[in-house]
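One structure is given here, and the rest of the page talks about it.
Coordinate-derived values only; no laboratory data. This is a predicted model, so every value here is computed, not measured. Methodologically, a virtual Cβ is constructed for each residue, glycine included, from the backbone with ideal geometry; neighbour enumeration extends over all protein chains shown.
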Amino acid sequence: MAALSLRKGNTRLPPEVNRVLYVRNLPFNITSEEMYDIFGKYGAIRQIRIGTNKDTRGTAFVVYEDIYDAKTAVDHLSGFNVANRYLIVLYYQQAKMSKKFDQKKKEDEITKLQEKYGIPKDK
């Protein structure tokens, strides 16, 4: 127990580090069991969500119980080869994800307005 508290007591983590990881470039046919095998080596996992629709295939969210386990997983699994695909493992950042979603929403609104008023799209 002393080693555990020592490890956490002296370590300052960068602000982007959190328990939720965003994983890209996964094989489309990866199973939950395979994900738990790969990511479970670095600590207790609370949840894994694998993307299933057209836009999210090849991605997943992995939520660790402990932030230090999440950091270890990012350090060790970024670039890890799974079925000839190199994983991209990032810390989930809510602000970036919602900004991307908002941008898409605005683009869709502009397209609808262009169609409604017969305005040609960008040349």
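Straight-line reach from Lys112: which aspartates and glutamates fall under 17 Å, measuring Cα to Cα and dropping same-chain residues less than 8 apart? Straight-line reach from Lys112, under 17 Å: Asp102, Asp122. Loop-located GluC sites (Glu not before Pro) in segment 19-78 (DSSP state not H, G, I, E or B) with no more than 14 neighbouring Cβ atoms inside 10 Å: Glu65. Ranked for footprinting exposure by Cβ neighbours inside 10 Å, fewest first, Ser78, Ser32 give Ser32, Ser78.
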